[in-house]
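Below is one structure, written out as structure tokens; the observations come after it.
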Number of protein chains: 2
Amino acid sequence: MTISAARPRQGEPLSGETRLMLRAAQLYYRLNLTQDQVGERLGVSRFKVGRLLDRALRESAVRIEIVHPAARLVELEDALTHRFGLRGAVVVDVASTGSAPDDELLARERVAGAAAAHLASLRPTGAIGVSWGRTMLELAAHLRPGWTAATEIVQLNGATSRSARPTRAHEIVERFGATTGAAIRLMAAPAIVGSPELRDALEEDPSVGETLAAARAAATAVFSMGVLGPDSVHVASGYLNDADLAALEDSGAVGDVLGRFLSLNGRVALPSLDRRTIGLPLEELGAKALTVALAAGAGRGPIALAALRAGCVTVFVADETTAAWVLDHA
Amino acid sequence: MTISAARPRQGEPLSGETRLMLRAAQLYYRLNLTQDQVGERLGVSRFKVGRLLDRALRESAVRIEIVHPAARLVELEDALTHRFGLRGAVVVDVASTGSAPDDELLARERVAGAAAAHLASLRPTGAIGVSWGRTMLELAAHLRPGWTAATEIVQLNGATSRSARPTRAHEIVERFGATTGAAIRLMAAPAIVGSPELRDALEEDPSVGETLAAARAAATAVFSMGVLGPDSVHVASGYLNDADLAALEDSGAVGDVLGRFLSLNGRVALPSLDRRTIGLPLEELGAKALTVALAAGAGRGPIALAALRAGCVTVFVADETTAAWVLDHA
DNA sequence: GATCGTCATGCTCAAATGTGCAGGTTGCTG
DNA sequence: CAGCAACCTGCACATTTGAGCATGACGATC
């Protein structure tokens, strides 16, 4: 080794500037000193400290991450809200139990609970329309007395069952009424009847027509989504026979909202069936100021996406799996 | 399932407040909105946003970490500075080559380079004392012309070799002089002589004495550390015979600073040998305003710790391994 | 059912931080 | 070595943020 001149450095491992930057970052972010204090310790002006910290952030020498386990849910909520132009979205996580049926139950419970809480925070007033189904039943059970004041609770679609499996729609409406102090209005009709003519006749009869008018007038609607399949409530309740089911499947239907079966693009899948369905039409649902839609459990993704595309949702409440599915396929 | 009343929630998965907190964190930290803007979007006051972010930080829902690869080095520097009351510390990383001798070389190169740069940033003036050794030679080679202005460069301890292996102390002093425009003052004496009497006689002779006086007067000193062992420069240069080496090892010496061998506690290990050593005594070194100590390469940990404990270091420059060893054993 | 304590809220004011700009320095080029 | 350009620095000023405090709502307690 002969002393000659400073040889070129192969890879300056750490310039003084970088060292300074990191020291500033440590003092500022770890010790929570002010930029002024950091500058004093490092012998530079506070302006330089600010610029150093700027650089550290830009070069991502410091990383700020949100580590809360629920952060993912909030991200999904924001993505849904933005993607579908919603007024809000609530996504809940469902700890897996290992058993699919239990997960289903748990998802319903969580989504219903979250929906109840969110509804309470929205404090809708006036008339509130409600649908029925297992998730709605669960939601009704979660409503806390006095969660809001409403003048009237209206059943949005037909439900009287002709089979062994009752829809329990009246329990739901009653619970909504009991917890808000509102009058209730039931819809004394089946969800789906045999012919369009019978549907029209029933809807014109005051017994159904008045409720339907009230449903139209309500500014708020709360409903859940149904899947299509042999275990669907509509099949279990006897509204759909095998031929209907087959026709629906052929038409690309993925599930229903207020008894209206939709295909993935958000359109009514089978108009002939839709004309036999008693309750608020989809367009009227979409015209409301506030509609809260619940989707809980595996397989709800497609109908949730369909409903969102149909534009009849302003607040969407779902479990994480469903929310992720919707965003993946949107 | 019977509707009765809201059942107690087993584990509210996500309170609205937490949801709000996370959303605020996302908007604030990811989108860089102001607290005011976040508040507007979330429909809360900016004060609440501030408190929400506070909570997020306290509950460590957001984590701020410094991820730069060199952050560790800066941490070591701060720890050393604080632990030993230094004016500063510089720690460099040494990419392992896989071969121990190459690592040694590389470590010296990096430490010397960093020391040269740091010295330049300190811009010491007046008289500067320097020691010799392989690391000092490397440091000298890294000095850039005009790195500072000095009046005089003084050799701090004896070095003239009586063996085949030259110490090249004069090259070091000359390079320091050439790059600063300073006059130079060499010490025409061996590092260690045979008897205290001869040492005293030499130090009183003007040829050595005047340099020693200048060494005492210098406000700044730059030196490196030597390890004890058969491959030590002092053995190679012929200053120490086997008996000396054995006595040193018995006394617990771990290495030398300016030819003064220290034990781990920072004291002179073998006073009888110290009295035969020509150069600036340790106490005088510790009294200087600025002393820059270099420690590079495996096995320098113990002598580095000893020197730090001896209180003769104000700026410490070392490789990562040595720095970590020192902090581990301090 | 009245009272007290606790807690969250929003305010004012001070501290901290970011921004655009003018002056100065460095290093490059002809 | 002059001229130029890019860059860095520090400053005044506007914006943003934090701290302490008064107020009001809610729930608990006696």
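Remarks
- Sequence-distant residues sharing a close amide H with A:Val130 (under 5 Å, placed H): A:Val154, A:Gln155, A:Leu156, A:Val222
- For the residues of B:218-225, the average number of beta carbons from a partner chain within 10 Å of their own beta carbon is 0.
- Volume per residue of the convex hull around the Cα atoms, evaluated for region B:214-330, comes out as 94 Å³.
- Within-12-Å neighbourhood charge of A:Glu204 [Cβ basis; K, R +1; D, E -1]: -4
- Relative to the dominant Cα principal axis of chain A, helix A:242-251 is inclined by about 40°.
- Within region A:99-187, the trypsin sites (Lys or Arg not before Pro) that combine a DSSP coil assignment with at most 11 other C-beta atoms in a 10 angstrom radius are A:Arg162.
- Proportion of all alpha-carbon pairs of the protein assembly as shown beyond 32 Å (%): 63
- In order along region A:174-188, phi translates into HN-Hα couplings of 4, 5, 4, x, 5, 7, 10, x, 9, 6, 10, 9, 8, 10, 7 Hz, rounded to whole numbers, per the Karplus curve 6.51 cos²θ - 1.76 cosθ + 1.60 with θ = phi - 60° and x for Gly and Pro.
- Between the helical axis of B:100-122 and the longest alpha-carbon principal axis of chain B there is an angle of about 80 degrees.
- Cα-based radius of gyration for region B:232-296, normalised by 2.2 N^0.38 Å, reads 1.12.
- Computed magnitude of the charge dipole of chain B (debye, nearest 20; Cβ of K, R +1, Cβ of D, E -1): 1800
- Each Lys or Arg adds one and each Asp or Glu subtracts one; over the other residues with Cβ under 14 Å from the Cβ of B:Leu262, this totals 0.
- Total accessible area lost when A and B pair, probe 1.4 Å, Å² to nearest 100: 5000
- Antiparallel bridges, percent of DSSP beta bridges restricted to the protein assembly as shown (to nearest 5): 35
- Highest to lowest packing among A:320-326, A:77-83, B:121-127, B:98-104, scored as the average C-beta count within 10 Å: A:320-326, A:77-83, B:121-127, B:98-104
- Exam field: B:Leu57 pseudo-label spacings to other copies (7 Å along Cα-Cβ), nanometres: 1.3
- Spherically averaged projected area in nm², based on the convex hull that wraps the Cα atoms of region B:158-294: 8.2
- Solvent-accessible area, 1.4 Å probe, carbon plus sulfur percent, for region A:87-176: 53
- With the largest listed first and rounded to whole Å, the semi-axes of the equivalent ellipsoid of region B:16-58 from the Cα gyration tensor are 13, 11, 9.
- Spherically averaged projected area of the convex hull of Cα atoms, chain B: 26.3 nm².
- Considering the rotation that superimposes chain A on chain B, the residue of A whose beta-carbon lies nearest the axis, and that distance in Å, is A:Ile64, 3.
- Considering only chain B, percent of DSSP beta bridges that pair antiparallel, nearest 5: 30
- Sparse-neighbour loop sites [GluC sites (Glu not before Pro); region A:12-76; at most 13 other C-beta within 10 Å; DSSP]: A:Glu59
- Using the Cβ of A:Glu283 as centre and a radius below 11 Å, the other residues enclosed give a net charge of +2, where K and R count +1 and D and E count -1.
The values are calculated or read from the model by the stated rules, or taken from the named source; none is laboratory data. Note that the structure is predicted; figures quoted are calculated from it, not measured. Cβ: placed from backbone, ideal geometry, glycine included. Neighbour counts: every protein chain shown. Quick note on the areas: whole protein, heavy atoms, side chains included, nothing else; ligands and nucleic acids left out. Shrake-Rupley method; radii C 1.70, N 1.55, O 1.52, S 1.80 Å.
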